[in-house]
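Visitor: Here you go, one structure.
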Amino acid sequence: MKKLMGLILVTILVMSTFTGCGSKQNDVEPSTGDNTSNETQTKNKDNESTSKPKIGVTIYKYDDNFMTYTRNAMTAAAEGNAELIMNDSQNNQSVQNDQVDVMINKGVQALVINLVDPGAATTIADKAKAAGIPVIFVNKEYPDGTDKIDYESTWYVGTQSKESGDIQGKLVAAAWEEHPEWDRNGDGVMQYVMLMGEPGHPDAEARTKYSIEYIENEGIKTEELEKQTGMWDATKGKELMTTWLGKEGDKIEMVLCNNDGMALGVVEALKADGYFTDDKFMPVVGVDAIPEALDLIEEGIMVGTVLNDPLNQGKSAIQMAINVATEKDVLEGIDSELDETKAVRVPYQPITKDNIKLAKRAYGME
Ligand code: BGC
Ligand code: CA
């Protein structure tokens, strides 16, 4: 086993010499989900890892488009600054709980946790508290607020979920006003379908609610034709949209997706149904601004998205973990305040064809 680890380490070192150790964002493809190894260790290239803080990370599942970008941002932020132990929790909370136990036994000095189940924050915090290890939760927020968790050394890095719903709603309302022809049946009502992220995820709940609320507050009447969870996933998004096209046909006038991953699947289903050729068009919006969605926006296929900044979230989570692991102030080197729930909030931004560069930069594309 030791021999094998040594060999792996040497291979990594050799490879990083050839590639200049470049773990650039756009070098790394999102995981395909067939990655069965649970844990990867990132050593520092100068092999001085022992002097660097040891940080234990869990990602709810590697096979998630957006979290893959956030994960890569974490790895890049740790390079030369910390030793990361990174785990794929495979969308299973009990797997994640075990991974946390193992990392605590390995002597990690801080934990960065992307929960499977947002409600399990207290379970993880109890383990960390018993071991005296600080925890930074990232991306999935404890629904009652991180300040309600009974462990002082707990913080959150993410976004303000409601903001993404508001921005998506604003974007949809503006585009709808600009395109009266989208009201196909001319009844003055926007007949829409909604693809939701996982139930109980604060981002999914808020995006579903506040996008429509914003549109309605702009004085646009809406009618929900279909609403279901696509679990943030492109394949499920495609399946849902295919079913709805069969059932509702061209009654559908607008497709709102809680994330771009599902929007990619929706676009595939629409293309298979003859959309986006000649004059057949369907407005689709998402959230995240992942590179694949940006391409679709540039091609005039997707109307817009909402930038969910993975570089800043990943980097801040690792910086905060290093800070608390080395007994510095949690916010040292972070250009942000904590809100009343002990959270660092990274702002969302509306993205359309006009400001696509902003999103490309946030994803390290240029
Ligand atoms: C992102 C989704 C992602 C989810 C994972 C959300 O903030 O918008 O794309 O699947 O986080 O927790
Ligand atoms: Ca209509």
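Visitor: Would it be correct to say that residue 221 is within 16 Å of ligand 2 (Cβ to nearest atom) and of a type in the set (Lys, Arg)? Before the answer, list the steps.
Guide: On the way: within 16 Å of ligand 2 (Cβ to nearest atom): yes; of a type in the set (Lys, Arg): yes.
For residue 221, the condition - within 16 Å of ligand 2 (Cβ to nearest atom) and of a type in the set (Lys, Arg) - is met.
Visitor: Looking at the range 169-188, can you tell me whether even one residue there is within 14 Å of ligand 1 (Cβ to nearest atom), without any contact (Cβ under 8 Å) to a residue 60 or more places away in the chain and not aromatic (Phe, Trp, Tyr)? Don't jump to the end; show me each part of the working.
Guide: If we filter the range 169-188 for residues that are within 14 Å of ligand 1 (Cβ to nearest atom), which is where we start, we get none.
Among the residues of the range 169-188, not one is within 14 Å of ligand 1 (Cβ to nearest atom), without any contact (Cβ under 8 Å) to a residue 60 or more places away in the chain and not aromatic (Phe, Trp, Tyr), which makes the answer no.
Visitor: Related question: Across the range 273-296, what is the total count of residues that are open to solvent by 10 Å² or more (accessible area, probe 1.4 Å), of a type outside the set (Asp, Glu) and under 27 Å from the mean Cα position of the chain (by Cα)?
Guide: 2
Visitor: For the range 191-210, what are the residues that are in contact (Cβ under 8 Å) with a residue 40 or more places away in the chain and within 13 Å of ligand 1 (Cβ to nearest atom)? Write out each step before concluding.
Guide: Taking the range 191-210 and keeping what is in contact (Cβ under 8 Å) with a residue 40 or more places away in the chain, we get 191-197, 200-210.
195, 196, 197, 200, 201, 202, 203, 204, 205, 206, 207, 208, listed by residue number.
Visitor: Let me ask something additional. So which residues in the range 40-90 are of a type in the set (Val, Ile, Thr), at pLDDT below 95 and under 18 Å from residue 323 (Cα atoms), if there are any at all? Steps first, please.
Guide: Filtering the range 40-90 for residues of a type in the set (Val, Ile, Thr) gives 40, 42, 50, 55, 57-59, 68, 70, 75, 85.
Keeping just the survivors that are at pLDDT below 95 gives 40, 42, 50.
Of everything in the range 40-90, just one residue is of a type in the set (Val, Ile, Thr), at pLDDT below 95 and under 18 Å from residue 323 (Cα atoms), namely 50.
Visitor: A further question follows. Taking the condition within 16 Å of ligand 1 (Cβ to nearest atom), outside any strand (DSSP E or B) and open to solvent by 50 Å² or more (accessible area, probe 1.4 Å), does residue 213 pass?
Guide: Working: within 16 Å of ligand 1 (Cβ to nearest atom): no; outside any strand (DSSP E or B): yes; open to solvent by 50 Å² or more (accessible area, probe 1.4 Å): yes.
Spelling it out, it is not the case that residue 213 is within 16 Å of ligand 1 (Cβ to nearest atom), outside any strand (DSSP E or B) and open to solvent by 50 Å² or more (accessible area, probe 1.4 Å).
Visitor: Also: Would you call residue 311 in a helix (DSSP H, G or I) and either within 16 Å of ligand 2 (Cβ to nearest atom) or open to solvent by less than 10 Å² (accessible area, probe 1.4 Å) (or both)?
Guide: Details: in a helix (DSSP H, G or I): yes; either within 16 Å of ligand 2 (Cβ to nearest atom) or open to solvent by less than 10 Å² (accessible area, probe 1.4 Å) (or both): no.
For residue 311, the condition - in a helix (DSSP H, G or I) and either within 16 Å of ligand 2 (Cβ to nearest atom) or open to solvent by less than 10 Å² (accessible area, probe 1.4 Å) (or both) - is not met.
Visitor: Just to check your reading of the model, which residue among 144, 117 is within 16 Å of ligand 1 (Cβ to nearest atom), within 24 Å of residue 259 (Cα to Cα) and among the acidic types (Asp, Glu)? Lay out the reasoning, then the answer.
Guide: On the way: 144 fails: within 16 Å of ligand 1 (Cβ to nearest atom).
Going through 144, 117 in turn, the sole match is 117.
Visitor: Going residue by residue through the range 157-177, is there one that turns out to be within 30 Å of residue 105 (Cα to Cα), more than 18 Å from the chain's Cα centre (by Cα) and aromatic (Phe, Trp, Tyr)? Give the steps one after another, and end with the answer.
Guide: To start, the set of residues in the range 157-177 that are within 30 Å of residue 105 (Cα to Cα) comprises 157-158.
Applying the additional criterion that residues be more than 18 Å from the chain's Cα centre (by Cα) yields none.
No; the residues of the range 157-177 include none that is within 30 Å of residue 105 (Cα to Cα), more than 18 Å from the chain's Cα centre (by Cα) and aromatic (Phe, Trp, Tyr).
Visitor: For the range 75-102, name all the residues that are buried (at least 21 other Cβ atoms within 10 Å of the Cβ) and part of a loop (DSSP other than H, G, I, E, B).
Guide: Listed by number, the residues that qualify are 82, 89.
Visitor: Something else: Restricting the search to the range 164-182, which residues are more than 16 Å from ligand 2 (Cβ to nearest atom) and open to solvent by 50 Å² or more (accessible area, probe 1.4 Å)?
Guide: Narrowing the range 164-182 to residues more than 16 Å from ligand 2 (Cβ to nearest atom): 164-171, 174.
Selection gives 170, 174.
Visitor: Quickly run through the range 131-150 and pick out the residues that are surrounded by 19 or more Cβ atoms within 10 Å (Cβ to Cβ) and either more than 25 Å from residue 71 (Cα to Cα) or of a type in the set (Val, Ile, Thr) (or both). Don't jump to the end; show me each part of the working.
Guide: Restricting attention to the range 131-150, the residues satisfying the condition of being surrounded by 19 or more Cβ atoms within 10 Å (Cβ to Cβ) are 133-142, 146, 149.
The answer is 133, 135, 136, 138, 146, 149.
Let's see how each residue does on (1) within 16 Å of ligand 2 (Cβ to nearest atom); (2) in a helix (DSSP H, G or I); (3) within 30 Å of residue 320 (Cβ to Cβ):
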site	(1), (2), (3)
130	no, yes, yes
147	no, yes, yes
184	yes, no, no
242	no, yes, no
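Visitor: Now, a different point. Determine, yes or no, whether residue 98 is over 22 Å from residue 232 (Cα atoms) and among the acidic types (Asp, Glu).
Guide: The answer is yes for residue 98.
Visitor: Here's something else I'd like to know. Could you tell me whether the range 153-163 includes any residue that is open to solvent by 10 Å² or more (accessible area, probe 1.4 Å), assigned to a helix (DSSP H, G or I) and more than 16 Å from ligand 1 (Cβ to nearest atom)?
Guide: No, the range 153-163 contains no residue that is open to solvent by 10 Å² or more (accessible area, probe 1.4 Å), assigned to a helix (DSSP H, G or I) and more than 16 Å from ligand 1 (Cβ to nearest atom).
Visitor: Is it fair to say residue 302 is open to solvent by 10 Å² or more (accessible area, probe 1.4 Å), part of a loop (DSSP other than H, G, I, E, B) and more than 30 Å from residue 148 (Cβ to Cβ)?
Guide: On the way: open to solvent by 10 Å² or more (accessible area, probe 1.4 Å): no; part of a loop (DSSP other than H, G, I, E, B): yes; more than 30 Å from residue 148 (Cβ to Cβ): yes.
It is false that residue 302 is open to solvent by 10 Å² or more (accessible area, probe 1.4 Å), part of a loop (DSSP other than H, G, I, E, B) and more than 30 Å from residue 148 (Cβ to Cβ).
Visitor: Would you check which residues across the range 337-352 are within 11 Å of residue 305 (Cβ to Cβ) and open to solvent by 50 Å² or more (accessible area, probe 1.4 Å) and list them?
Guide: Of the range 337-352, the ones within 11 Å of residue 305 (Cβ to Cβ) are 348-352.
Those that are within 11 Å of residue 305 (Cβ to Cβ) and open to solvent by 50 Å² or more (accessible area, probe 1.4 Å): 349, 350.
The values are calculated or read from the model by the stated rules, or taken from the named source; none is laboratory data. Keep in mind the model is a prediction, meaning the values are calculated, not measured. Positions of Cβ are generated from backbone atoms using ideal geometry, with glycine treated the same way; all protein chains shown enter the neighbour counts. Heavy atoms of the whole protein, side chains included, go into the accessibility calculation; ligands, DNA and RNA do not. Shrake-Rupley method; radii C 1.70, N 1.55, O 1.52, S 1.80 Å.
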